[in-house]
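Heads up, the thing below is written out as structure tokens.
The values are calculated or read from the model by the stated rules, or taken from the named source; none is laboratory data. This one's a predicted model, so the numbers in the text were calculated from it and none came from an experiment. Glycine gets a Cβ as well: all are built from the backbone with ideal geometry, and neighbour counts include every protein chain shown. Side chains are part of the model used for accessible areas, which takes the heavy atoms of the whole protein and leaves out ligands, DNA and RNA. Shrake-Rupley method; radii C 1.70, N 1.55, O 1.52, S 1.80 Å.
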Amino acid sequence: MRKGDPVERGTIDRSIEVAKAPDGTSSSSKDNIEVLNPATGELVSTVAVDTPETVAATVARVRANQTEWEALGIEGRYRWLGKLRDWLLDNSERVLDTMQAETGKVRADASGEPVYLTDLINFYGTRAAKFIGEEAVRPHTPLLASKKLRVQYRPHPVVGIISPWNFPLILALGDAIPALQAGAAVVVKPSEFTPLGLAEVVKAWKEEVGGPDVFDCVQGVGETGGALIDEADFVQFTGSDRTGRKVMARAAETLTPVSLELGGKDAMIVLDDADLDRAANAAAWGGMMNSGQICMSVERIYVEEPAYDSFVAKLTEAVGKLRQGADGKSFGQEVGAMTSPNQTAIVEEHVQDALASGAKALTGGKRLPGPGDYFEPTVLVDVDHSMKVMRDETFGPVVGVMKARDAEEALRLTNDSRYGLSGSVFGARERAERVARRVECGAVNVNDVLVNYAAMDVPMGGWKQSGIGYRHGEPGIKKYCRTESVVVTRFAGKREPTWYPYTKGRRRLISRVAQAFNARDIKRRLSLRG
Ligand code: NAD
């Protein structure tokens with residue numbers, strides 16, 4: 001297959017054992033991955049797969065340079081990351097072209113990625129000293145008055161990042177940046193569907209920024225990811241909960257710590273006192289942005305009964321108007337392609353399952369004929385929790401809307417999920433905030449959607465089966481560090497009273513002093529006196 005050749009649609013088997021997909025849609029092999037443009041079906045490029053041996057060699061190489069990188073200190077590392085920020089600002093169009101070709105996103109959806117990343121570099125560069133700088137701690141008891149207590153944060157030497165295809169830069173570089181700022185060396189394995197944008201940035205770090213050799217990527221499918229888990233000292237994984245379980249099990253073999261950012265089934269609650277125009281516009285954007293391929297997409301909506309009819313009409317109109325197609329740089333389309341045909345198959349299955357069980361599509365409802373892989377922006381009503389579309393992660397441009405008797409029922413349905421990534425509540429501010437505080441998830445927005453991801457000041461992570469660990473805020477950099485407590489003796493005699501030789505008299509004295517300090521009532525404090 002040659003660059004530019006169109007490819008028939010179907011699903012793509014990327015399992016390492018299969019040299020050629022059975023349906024002939026891809027000639028990816030054990031050694032090479034063909035990257036297709038989902039907006040047009042054309043071949044973009046071919047990428048060589050890394051073997052477990054080349055993964056081990058890459059990790060060993062960056063590991064050898066990590067001590068020197070750590071020794072640069074927070075400021076020194078920020079200077080290098082600042083150069084990467086400048087490169088991203090100067091070359092964002094080039095990066096966007098590459099990333100748009102491998103994802104099939106519309107330009108507007110793609111263009112948020114460099115903006116987020118440059119902001120993130122400055123965020124951690126200017127706050128790392130506060131988040132992971134050495135801490136001075138006062139001893140909790142006068143018995144330790146001779147000790148100086150310090151906590152220093154030392155990085156895991158090599159952080160391995162395994163990332164998905166929906167935001168190829170944000171979800172790879174976005175984790176690499178705090179890890180590098182913490183002093184770790186980083187190796188990323190991007191998704192096999194979208195390996196190009198990240199590889200371009202890594203190449204630029206080496207050749208144009210001239211950054212220290214502590215940042216690299218390896219390419220491939222699950223086998224390459226597994227090899228990275230075996231070699232890394234800490235694993236940051238973003239992807240499905242299905243793969244997350246495998247990652248955690250593999251990491252358990254070497255007792256390697258993991259942080260998992262997994263799937264979601266985010267709900268929106270619309271209260272009857274909400275601004276329904278804002279709520280409908282938010283639901284349309286929050287559900288369809290990036291073709292619904294966002295872990296935090298609005299996938300389920302529960303509307304208080306009095307607002308239901310009006311909200312559904314407004315939402316259907318907003319979604320029905322969306323323009324869909326290959327966008328290039330025109331900013332003339334709102335909804336792009338599905339990046340992975342495997343995901344499109346899941347979206348189609350969820351919608352068909354719902355329709356077969358009595359749901360109705362008020363707009364959309366089907367996969368479009370090629371070229372390119374598109375699923376229509378879809379609003380489903382008459383749905384319930386027996387349907388996959390309200391239970392499992394759809395990860396496509398589909399929302400299901402249900403009527404709720406009241407806020408209590410909306411909350412019960414919202415929390416009736418094995419996921420708990422994020423959510424949103426629309427309504428009069430104080431009431432909406434009260435409801436929002438009871439949603440069982442890692443982040444909840446009041447009268448907005450998705451915006452918590454831009455508020456990198458606060459942590460973001462999943463409850464329940466949506467993940468383990470957090471990105472953003474203080475935990476988003478601290479997780480890449482191990483704490484080392486340093487206890488320094490400031491003044492001392494030849495021996496401590498607790499050391500050898502043991503004598504009855506000294507033992508009694510220690511007990512009395514300890515009791516005097518630990519007792520919280522006068523009777524016990526005094527009972528041993530005399
Ligand atoms: P996926 O789980 O199929 O793959 C993710 C990554 O894991 C890819 O790089 C893949 O090659 C790799 N991988 C696959 N098998 C592996 C194995 N056995 N060992 C090691 N690595 C392996 O996910 P996807 O389809 O690429 O992405 C979509 C999923 O990601 C959705 O579930 C979405 O919700 C989730 N996601 C979560 C967040 C978050 O922050 N919580 C953000 C974006 C996407």
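Structure values in brief
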{"read-out": "Identity of the residue in the stretch 188-228, within 8 Å of the ligand (Cβ to nearest atom) and either in a helix (DSSP H, G or I) or of a type in the set (Asp, Glu) (or both), that ends up most open to solvent (accessible area, probe 1.4 Å)", "value": "Glu223"}
{"read-out": "Unmet criterion (only one of (1) within 15 Å of the ligand (Cβ to nearest atom); (2) in contact (Cβ under 8 Å) with a residue 40 or more places away in the chain) for Met268", "value": "(1)"}
{"read-out": "Those residues of the stretch 385-432 which are under 19 Å from Asp272 (Cα atoms), not in a strand (DSSP E or B) and not charged (D, E, K, R), in sequence order", "value": "Ala407, Ala410, Leu411, Leu413, Thr414, Gly427, Ala428, Ala432"}
{"read-out": "Exclusive hit being aliphatic (A, V, I, L, M), open to solvent by less than 10 Å² (accessible area, probe 1.4 Å) and out of contact with any helix residue (DSSP H, G or I) (no Cβ under 7 Å at 6 or more places or on another chain), set Ala176, Ala185", "value": "Ala176"}
{"read-out": "Residues within the stretch 512-524 that are open to solvent by 100 Å² or more (accessible area, probe 1.4 Å) and in contact with a helix residue (DSSP H, G or I) (Cβ under 8 Å, 6 or more places away or on another chain), tallied", "value": "1"}
{"read-out": "From the options Lys83, Lys105, Lys147, Lys130, residue that is surrounded by 23 or more Cβ atoms within 10 Å (Cβ to Cβ) and among the basic types (Lys, Arg)", "value": "Lys105"}
{"read-out": "Strands (runs of 3 or more DSSP E) enclosed by the stretch 234-276 - at least 1 residues per element that are farther than 24 Å from Gly286 by Cα", "value": "234-238, 258-261"}
{"read-out": "Tally of residues being open to solvent by 40 Å² or more (accessible area, probe 1.4 Å), of a type outside the set (S, T, N, Q) and part of a loop (DSSP other than H, G, I, E, B) across the stretch 349-366", "value": "2"}
{"read-out": "Count of residues meeting criterion [part of a loop (DSSP other than H, G, I, E, B) and either within 21 Å of Ala337 (Cα to Cα) or of a type outside the set (A, V, I, L, M, F, W, C) (or both)] in the stretch 173-187", "value": "1"}
{"read-out": "Qualifying position, being in a helix (DSSP H, G or I) and either closer than 20 Å to Asp213 by Cβ or out of contact with any Phe, Trp or Tyr (no Cβ under 9 Å at 6 or more places or on another chain) (or both), among Arg150, Arg127", "value": "Arg127"}
{"read-out": "Pair list, Cβ < 6 Å and 6+ apart or interchain, from the stretch 222-239 residues that are small (Gly, Ala, Ser) to residues that are near the ligand (Cβ under 7 Å from one of its atoms)", "value": "Gly225/Ile162; Gly225/Lys189; Gly226/Arg250; Gly239/Pro164"}
{"read-out": "Filtered residues of the stretch 466-511 (kept if closer than 30 Å to Leu421 by Cβ, touching a strand residue (DSSP E or B) at 6+ places or on another chain (Cβ under 6 Å) and either open to solvent by less than 70 Å² (accessible area, probe 1.4 Å) or in a loop (DSSP other than H, G, I, E, B) (or both))", "value": "Ser466, Gly467, Gly469, Arg471, His472, Lys479, Tyr480, Cys481"}
{"read-out": "Residue check, Glu317 without any contact (Cβ under 8 Å) to a residue 40 or more places away in the chain, of a type in the set (D, E, K, R) and closer than 20 Å to Phe375 by Cα", "value": "yes"}
{"read-out": "Subset of the stretch 392-420 [touching a strand residue (DSSP E or B) at 6+ places or on another chain (Cβ under 9 Å) and closer than 16 Å to Pro306 by Cα]", "value": "Val401, Met402, Lys403, Ala404, Arg405, Asp406, Ala407, Glu409, Ala410"}
{"read-out": "Residue within the stretch 272-282 that is without any contact (Cβ under 8 Å) to a residue 40 or more places away in the chain, over 27 Å from Pro155 (Cβ atoms) and open to solvent by less than 20 Å² (accessible area, probe 1.4 Å) present", "value": "yes"}
{"read-out": "Some residue of the stretch 302-317 being among the small types (Gly, Ala, Ser), closer than 18 Å to Ser424 by Cα and more than 10 Å from the ligand (Cβ to nearest atom)", "value": "yes"}
{"read-out": "Whichever residue in the stretch 378-391 is among the charged types (D, E, K, R) and in contact with a strand residue (DSSP E or B) (Cβ under 8 Å, 6 or more places away or on another chain) and, among such residues, is nearest to the ligand (Cβ to nearest atom)", "value": "Asp384"}
{"read-out": "Test: residue in the stretch 173-192 that is at pLDDT 95 or above and at positive phi", "value": "yes"}
{"read-out": "Cβ pairs under 8 Å, 6+ apart, first in the stretch 409-426 and among the basic types (Lys, Arg), second open to solvent by 10 Å² or more (accessible area, probe 1.4 Å) and in a strand (DSSP E or B)", "value": "Arg418/Lys464"}
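For every residue, the table says whether it meets (1) assigned to a strand (DSSP E or B); (2) surrounded by fewer than 23 Cβ atoms within 10 Å (Cβ to Cβ).
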site: Val298; (1), (2): no, no
site: Ile301; (1), (2): yes, no
site: Pro306; (1), (2): no, yes
site: Asp309; (1), (2): no, yes
site: Val312; (1), (2): no, yes
site: Thr316; (1), (2): no, yes
site: Lys329; (1), (2): no, yes
site: Gly332; (1), (2): no, yes
site: Met338; (1), (2): no, no
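Okay, residues lined up against (1) open to solvent by 10 Å² or more (accessible area, probe 1.4 Å); (2) more than 16 Å from the ligand (Cβ to nearest atom); (3) among the small types (Gly, Ala, Ser):
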site	(1), (2), (3)
Gly286	no, no, yes
Gln293	no, no, no
Leu322	yes, yes, no
Ile346	yes, no, no
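Yes or no, residue by residue, for (1) over 14 Å from the mean Cα position of the chain (by Cα); (2) buried (at least 24 other Cβ atoms within 10 Å of the Cβ); (3) within 16 Å of the ligand (Cβ to nearest atom); (4) closer than 30 Å to Ala128 by Cα:
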site: Leu368; (1), (2), (3), (4): yes, no, no, no
site: Glu376; (1), (2), (3), (4): yes, no, no, no
site: Glu393; (1), (2), (3), (4): yes, yes, yes, no
site: Lys403; (1), (2), (3), (4): yes, no, no, no
site: Ala407; (1), (2), (3), (4): yes, no, no, no
site: Ser422; (1), (2), (3), (4): no, yes, yes, yes
site: Leu450; (1), (2), (3), (4): no, no, yes, yes
site: Met460; (1), (2), (3), (4): no, no, yes, yes
